[in-house]
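In what follows, a single structure is set out as structure tokens and then discussed.
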Amino acid sequence: MAVRKKYIAGNWKMNKLTDEAVSLAKEIVEGAQKVTNCKIMIAPPYTALSEVKKIVKGTNVLLGAQNMSNEKSGAHTGEISIDMLKDVGVSAVIIGHSERRIIYGEKDDFINSKILLAIKEKMDVIFCVGETLKEREAGKAFEIVTNQVVNGLKGVTEKDLSFVTIAYEPVWAIGTGKTATDKDADDVHKVIRETLEKLYSKELAQKMIIQYGGSVKPENAGALLSMENIDGALVGGASLKAEQFLAIINSIK
Ligand code: PGA
């Protein structure tokens, strides 16, 4: 079986002014200095990216963005382009987060267009999928997540898949304090891996990093991260406190 390196990412969402972001990044960089067993990324708000870049430069902490435009440039008021992200040192972008899907109406094909653009521009992507509570209760979790994966990866070749990490984030577990049980999460991760196997190959499916997200905290991280198909975490709330984010990183066995 492929040995997959763990990947822990912090999604700061719409939090932290520049000074606060710089302080948090400093604490994380310092605390993560000796970490070698996982890949680490932090995604501050756009307004703090340039300053946070100065802190993470040359360290083992990568700079990420929380979203980007599906267009390269031009008349798109309020949007941020991939070149702008690269310009400030971003190397990974979160695409298709459920808050983008639900609050801002992003659909699978729109998300797919962003993924294709990111890959074309050689930017790493964390591609988020996940079912709502209603969908889970209707017994449709596997079907919804499978469709999101298939639609989001349309046109992504085997070779390009190396730019993509998938984050399974059940919508009902985000920011709610409710976490999927280790087993429930792992079951969905397994279905995602089987979907990748059908779309690509067994070898690629085994190599794919699939993060779990949704109320990950120091108390539950160790158990989640020790599940066979869970290769990391996309952390929201607990990534806003260095101590908690570092404890999640340190919970990797
Ligand atoms: P949470 O957010 O850890 O606060 O639940 C996770 C996410 O939305 O990525």
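The values are calculated or read from the model by the stated rules, or taken from the named source; none is laboratory data. Note that the structure is a prediction, hence the values are computed from the model and not measured. Because the Cβ atoms are built from the backbone with ideal geometry, glycine has one as well, and the counts that use them run over all protein chains shown. Protein only, heavy atoms only, side chains kept; ligands, DNA and RNA dropped before computing areas. Shrake-Rupley method; radii C 1.70, N 1.55, O 1.52, S 1.80 Å.
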**Study point:** Residues satisfying the stated conditions in the range 190-222, i.e. part of a helix (DSSP H, G or I), within 14 Å of the ligand (Cβ to nearest atom) and either at positive phi or surrounded by 16 or more Cβ atoms within 10 Å (Cβ to Cβ) (or both)
**Key:** Pro218, Asn220, Ala221
Review point. If you take the residues of the range 1-47 that are open to solvent by 70 Å² or more (accessible area, probe 1.4 Å), in a helix (DSSP H, G or I) and among the hydroxyl-bearing types (Ser, Thr, Tyr), which of them is nearest to the ligand (Cβ to nearest atom)?
Key: Tyr46
Practice item. Search the range 223-241 for residues being in a helix (DSSP H, G or I) and under 18 Å from the mean Cα position of the chain (by Cα), and hand back the single one that is farthest from the ligand (Cβ to nearest atom). Key: Leu225
Exercise for review: Write out, first by first residue and then by second, each pair whose Cβ atoms fall under 7 Å of each other, whose residues are 6+ apart or on separate chains, and whose first residue, in the range 155-184, is touching a residue at least 24 places away in the same chain (Cβ under 8 Å) and open to solvent by less than 70 Å² (accessible area, probe 1.4 Å) while the second is within 13 Å of the ligand (Cβ to nearest atom) and among the basic types (Lys, Arg).
Suggested key: Trp172/Lys178
Study note, to complete from the structure: Residue hits (the range 48-96; surrounded by 19 or more Cβ atoms within 10 Å (Cβ to Cβ), in contact with a strand residue (DSSP E or B) (Cβ under 6 Å, 6 or more places away or on another chain), in contact (Cβ under 8 Å) with a residue 40 or more places away in the chain and not in a strand (DSSP E or B)) are Gln66, Met68, Val90, Gly96
Study note, to complete from the structure: The residue from Glu121, Glu143 that alone is farther than 22 Å from Ala223 by Cβ and open to solvent by 70 Å² or more (accessible area, probe 1.4 Å) is Glu143
Point to revise | Residues satisfying the stated conditions in the range 160-174, i.e. in contact with a strand residue (DSSP E or B) (Cβ under 8 Å, 6 or more places away or on another chain) and modelled with pLDDT of 95 or more | key: Phe163, Val164, Thr165, Ile166, Ala167, Tyr168, Glu169
**Study point:** Pairs where the first residue, in the range 97-112, is of a type in the set (Ser, Thr, Tyr) and the second is within 16 Å of the ligand (Cβ to nearest atom) and in a helix (DSSP H, G or I), C-beta under 7 Å, 6+ apart
**Key:** Ser98/Val171
